[in-house]
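Below you'll find the structure, written out as structure tokens, and then a few comments.
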Amino acid sequence: MNIVREALAGTQESSDLMVKIAPAHGELEIVIHSEVIKQFGEQIRQVVDETLRAMDVRQGLIIVEDKGALDCVIRARLQSALIRASETQQIYWSKMS
């Protein structure tokens with residue numbers, strides 16, 4: 001999946017997160033800020049990495065501003081932002097579960 005434009009998904013509300021995506025050529029940079037990074041940082045990173053791998057994202061800037069979101073919310077917000085940021089016309093939902 002190619003990231004061709006900036007996109008946002010989510011909110012700054014408690015138990016949610018904001019995902020910001022921007023194009024970046026040649027590399028994939030992931031930045032995670034979280035209120036619960038000490039307790040759940042590894043799990044958040046794992047969900048982000050798995051989602052990016054499933055959607056075949058290899059380059060871009062991904063910024064996650066977490067406010068204590070559950071794994072399913074992290075995955076959904078990231079998927080939404082990636083779809084908005086890409087040229088994708090067809091979505092293969094079976095890859096994203």
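The values are calculated or read from the model by the stated rules, or taken from the named source; none is laboratory data. Keep in mind the model is a prediction, meaning the values are calculated, not measured. A quick note on method: Cβ atoms are made from the backbone with ideal geometry, for glycine too, and the neighbour counts reach across all protein chains shown. Please note that ligands, DNA and RNA were not included when accessible areas were found on the heavy atoms of the full protein model with its side chains. Shrake-Rupley method; radii C 1.70, N 1.55, O 1.52, S 1.80 Å.
Here is the tail figure for the range 1-42: Cα pairs spaced more than 10 Å apart come to 78 percent of all pairs.
Once the 1.4 Å probe is applied to the protein heavy atoms, the chain comes out at 61 Å² accessible per residue. With the largest listed first and rounded to whole Å, the semi-axes of the equivalent ellipsoid of the chain from the Cα gyration tensor are 21, 14, 12. Of the beta bridges DSSP finds with both residues in the chain, what % are antiparallel, to the nearest 5? Of all bridge pairs located within the chain, approximately 60 percent are antiparallel. Count Lys and Arg as plus one, Asp and Glu as minus one, and take only other residues whose Cβ is under 15 Å from that of Ile62; the net charge is then 0. When the Karplus curve 6.51 cos²θ - 1.76 cosθ + 1.60 is applied with θ = phi - 60°, which whole-Hz ³J(HN,Hα) does each residue of the range 2-17 get, with x for Gly and Pro? Here the 3J(HN,Hα) series is 9, 8, 10, 8, 6, 8, 10, 8, x, 9, 9, 6, 4, 6, 10, 7 Hz.
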